[in-house]
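Q: Below is the structure I would like to discuss, written out as structure tokens.
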């Protein structure tokens, strides 16, 4: 039996059978696909092949364009959703893929879909670095060139408006397609939802806003979201650098916040949660603020002295989501100075009120009237104050005093709350008086109070004091002491006091006090007078009450001179009156009772009983203080010479020693002696010359008066003493004096130059007629009382070391000279040195117009001598003559400069200087200037 064959076939495809897009994406266009089928079966004859192959089918892959954008999204199911605030940006990251089988350029577009309530700007940006954010340099794209299967990240960027009204939903889409818009992929919708924005406000305060230097103020900064939307992160910042520069500094550790994290900065750039000095800014960060929520930051600041007088502004800022708000407040850093003055004890009485005004019914011209006040520093800072007085009505001189009556030192320096007593005393010149006392502080504050006097009287109350003294006579009789006479211990002195009110208004509270002299003792007083104090310091007081207008009161007090009294003193006494209206004590006249028992005696003698015209008379005054206890001080010796006697100046001697010349007035001579000790005698001598006015008897009268210890001169007036000289006219002859100098004339100029020439002591000069004299150590001689006329003089050559100098004119020698003597006549004898001439190192002549300056420089032992002669035929004004010294020279004698005026003729300056330099350099050139 023959089996039927069984067919088993397997189809094998060797190529792609389909050209769909899914398949084409992996097969490039132009690829040839060969497709051939093979069938295998089980043959009937096992040895026959069981495979059959079909014919080959050839297919070429065509170009297919396809693009894909992921992720996908629809209006109902957006790919991305972003919730924004106005002004924020959304970025959506997409991937664009070429799913076709050929390279090409694919259009890309960003758009807003229908159904959006908001149309914000959108753009497509190629994300070159793949970080999901649009960066600088990354371009916006409208097409992409992609190879098959190439993937490119593309960002869809949505920008929202910052306007608060830019709210709503925007459906945005990134669409990619083939060229010409074919095969678009547009199901890539994302949602941007712009909600209501937050609205931040910043409020800032300083508490207190008025800050005293050295004190602190609290800064409060609050930001509040008054919008309908929740904010992004809020940063509330207060930068303090400008405040620090003006003296307002952060108080460490004082910052507090109601929420968030505190941060500090020292440079305004870097922030840290760690507080580090100096704090130049403080801020707080919070993640967000819900609508109506607030964030508060507080801290304290210290006002340093540097901040005084400044109004320091400060601005705080709050930032969130690109939005910023700010708030500003200012701290006024200053003191609050204030001052008040008013009646004593009430300095803060309202200015201008009745309580701030003091009044008195009347005052007296010439008598101070005083008002007491209190000044107070009512501010919060030490200040310096000055007081002034002005006069809306009337006039016065005001004086500021302390409570003790001392002048008030101005300015016043007062601490806060400190007070000062101020007494203002007026010497009223006219009335009524309205005085305004103003106190002004250096910080600009002031306050005033008023003093008023309703009426001003002219003249003072009439106060008179007199005394009467009695002494115990022989037999116990009471003997009155003459007015002005002296009293002694045991004598009685009765003082009478008279007080009269001359005004048309009463004087109230009148009190009379009489401080008795220390050396009398109280015995009794009239009208209820009361004595107080111990003997030597006793005061009698009368309380008179009210003195009616025109009323006179008379008071007496009886005293006795104590054994404490000493010769020469005066018992001086006054009394004083004070009243309510006249608080300053008014003194009466002073009465002085001299005390003296001993005498002041004087004796006067004259040197010659007879004199003629031109004679000198020497007077001797012997003055004796006969008191055994008390010296005479400031004694005045008064001498009245007879007519024709002329005092010779410089002849007064006290105890043989020179004393000042007397004061001469009307021919009367007055000397003053500082002291004549008790029991001592002093002697004064002086000389007068008899003039042609003298006639007959020359009677000279002298008297002395002085002061004992504290006494008065009249109490110790001396006796008078006289001395008489008879005038003998037959002795009269006119006389003169002849003087001169003998010297070695080393520069041979015929004149005595003290710095160059050498005086010759012991030289003998003879005067014709037989008189002769020897020169003194300075080479000087004199012949007094030489009759007027021509006389011959000769120098004894045996007494001179050198011969006389040749006289330039006349050819003779200077050893014998003839001179006409009249008054004081001078004749010198210059001698010619042998080998000792002093030659001038240099002679210089300076001629300016008709003015001539001659200079000669001489070398002497130890230095140089310069002689300057200025010769001018006319007077010169504002002359300046200077002859400079060589460098390093030291002026020893004389002077090398002259300033002033010069009369016509010659002016000579001679000076010496020491110098160790080269002799030729010892000379300099003088300079001379004057005003035409």
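The values are calculated or read from the model by the stated rules, or taken from the named source; none is laboratory data. Small disclaimer: the values here were computed from a predicted structure and weren't measured. Positions of Cβ are backbone-derived with ideal geometry, glycine not excepted, and every protein chain shown enters the neighbour counts.
Q: Within the group 557, 531, 566, 540, which residue is in the same structural domain as residue 509 (by TED's automatic domain parsing), under 58 Å from the mean Cα position of the chain (by Cα), crowded, with 18+ Cβ neighbours inside 10 Å and assigned to a strand (DSSP E or B)?
A: 540
Q: OK, next. Being without any contact (Cβ under 8 Å) to a residue 60 or more places away in the chain and over 15 Å from residue 681 (Cα atoms) is the filter here; which residues of the range 618-656 pass it?
A: Result: 641, 642, 643, 645, 646, 647, 648, 649, 650, 651, 652.
Q: Output the number of residues of the range 488-526 satisfying the condition of being closer than 16 Å to residue 576 by Cβ and surrounded by fewer than 19 Cβ atoms within 10 Å (Cβ to Cβ). Talk me through it step by step, then tell me what you get.
A: Here is the first cut: in the range 488-526, the residues closer than 16 Å to residue 576 by Cβ are 495-501, 507, 509-517, 525.
Imposing the further condition that a residue be surrounded by fewer than 19 Cβ atoms within 10 Å (Cβ to Cβ) reduces the set to 496, 498, 500, 509, 511, 513, 515.
Counting residues in the range 488-526 that are closer than 16 Å to residue 576 by Cβ and surrounded by fewer than 19 Cβ atoms within 10 Å (Cβ to Cβ) gives 7.
Q: Something else about it: Could you list, in sequence order, the residues of the range 624-647 that are surrounded by 15 or more Cβ atoms within 10 Å (Cβ to Cβ) and within 59 Å of the chain's Cα centre (by Cα)?
A: 630, 631, 632, 633, 635, 636, 637, 638
Q: Here is a list of conditions, (1) over 30 Å from residue 516 (Cα atoms); (2) crowded, with 16+ Cβ neighbours inside 10 Å; (3) touching a residue at least 60 places away in the same chain (Cβ under 8 Å), and residue 368 meets all of them except one; can you say which number that is?
A: Result: residue 368 fails condition (1) only.
Q: Identify all residues within the range 193-213 that are closer than 15 Å to residue 248 by Cα and assigned to a strand (DSSP E or B); write none if there are none. Full working, then the answer.
A: Let us first name the residues in the range 193-213 that are closer than 15 Å to residue 248 by Cα, namely 205-213.
Passing the criteria: 205, 206, 207, 210, 211.
Q: I'm checking my understanding of the structure. Among residues of the range 155-176 that are touching a strand residue (DSSP E or B) at 6+ places or on another chain (Cβ under 7 Å) and outside any strand (DSSP E or B), which one is modelled with the lowest pLDDT?
A: 166
Q: So if I check each of 698, 673, which one is surrounded by 14 or more Cβ atoms within 10 Å (Cβ to Cβ), more than 22 Å from residue 594 (Cα to Cα) and modelled with pLDDT under 90?
A: 698
Q: Do you know which of the residues in the range 469-482 that are surrounded by 15 or more Cβ atoms within 10 Å (Cβ to Cβ) and assigned to a strand (DSSP E or B) is nearest to the chain's Cα centre (by Cα)?
A: Result: 469.
Q: To continue, here is another question. Is it true that residue 715 is at negative phi, at pLDDT below 85 and part of a loop (DSSP other than H, G, I, E, B)? Full working, then the answer.
A: Values: at negative phi: yes; at pLDDT below 85: yes; part of a loop (DSSP other than H, G, I, E, B): no.
In short, no.
Q: Please verify whether residue 485 is in contact (Cβ under 8 Å) with a residue 12 or more places away in the chain and either out of contact with any strand residue (DSSP E or B) (no Cβ under 7 Å at 6 or more places or on another chain) or in a strand (DSSP E or B) (or both), treating the condition exactly as stated.
A: In short, yes.
Q: If you don't mind, another one. Restricting the search to the range 214-264, which residues are over 43 Å from the mean Cα position of the chain (by Cα), under 14 Å from residue 294 (Cα atoms) and not in a loop (DSSP other than H, G, I, E, B)?
A: Across the range 214-264, the qualifying residues are 221, 222, 223, 224, 225, 234, 235, 236, 257.
Q: Which residues, counting only those in the range 648-657, are closer than 13 Å to residue 672 by Cβ and over 57 Å from the mean Cα position of the chain (by Cα)?
A: Pass one, the range 648-657, residues closer than 13 Å to residue 672 by Cβ: 652, 654.
The answer is none; no residue qualifies.
Q: Any idea which of 218, 160, 222 is in contact (Cβ under 8 Å) with a residue 24 or more places away in the chain, farther than 14 Å from residue 118 by Cβ and buried (at least 16 other Cβ atoms within 10 Å of the Cβ)?
A: Only one candidate qualifies: 222.
Q: What's the number of the condition residue 409 fails, among (1) surrounded by 15 or more Cβ atoms within 10 Å (Cβ to Cβ); (2) part of a loop (DSSP other than H, G, I, E, B)?
A: Of the numbered conditions (1) surrounded by 15 or more Cβ atoms within 10 Å (Cβ to Cβ); (2) part of a loop (DSSP other than H, G, I, E, B), the odd one out for residue 409 is (1).
Q: Sticking with this one: For the range 902-918, indicate whether the set of residues that are exposed (fewer than 12 other Cβ atoms within 10 Å of the Cβ), part of a strand (DSSP E or B) and in the same structural domain as residue 861 (by TED's automatic domain parsing) is non-empty.
A: Checked the range 902-918: at least one residue is exposed (fewer than 12 other Cβ atoms within 10 Å of the Cβ), part of a strand (DSSP E or B) and in the same structural domain as residue 861 (by TED's automatic domain parsing).
Q: Given the structure, is residue 297 under 46 Å from the mean Cα position of the chain (by Cα), surrounded by fewer than 18 Cβ atoms within 10 Å (Cβ to Cβ) and over 25 Å from residue 84 (Cβ atoms)?
A: Details: under 46 Å from the mean Cα position of the chain (by Cα): yes; surrounded by fewer than 18 Cβ atoms within 10 Å (Cβ to Cβ): no; over 25 Å from residue 84 (Cβ atoms): yes.
No; evaluated as a whole, the condition is false for this residue.
Q: Follow-up question, since we're still on this one. Among the residues of the range 181-212, which ones are surrounded by 19 or more Cβ atoms within 10 Å (Cβ to Cβ) and farther than 30 Å from residue 169 by Cα?
A: Passing the criteria: 202, 204, 206, 211.
Q: Now, a different point. Say we look at the range 42-63 and pick out the residues that are assigned to a loop (DSSP other than H, G, I, E, B) and modelled with pLDDT of 70 or more; which of these is nearest to residue 103 (Cα to Cα)?
A: Among those that are assigned to a loop (DSSP other than H, G, I, E, B) and modelled with pLDDT of 70 or more, it is 63.
Q: Moving on to the next point. Pick out the one residue from 444, 394 that is at pLDDT below 95 and outside any strand (DSSP E or B).
A: Going through 444, 394 in turn, the sole match is 444.
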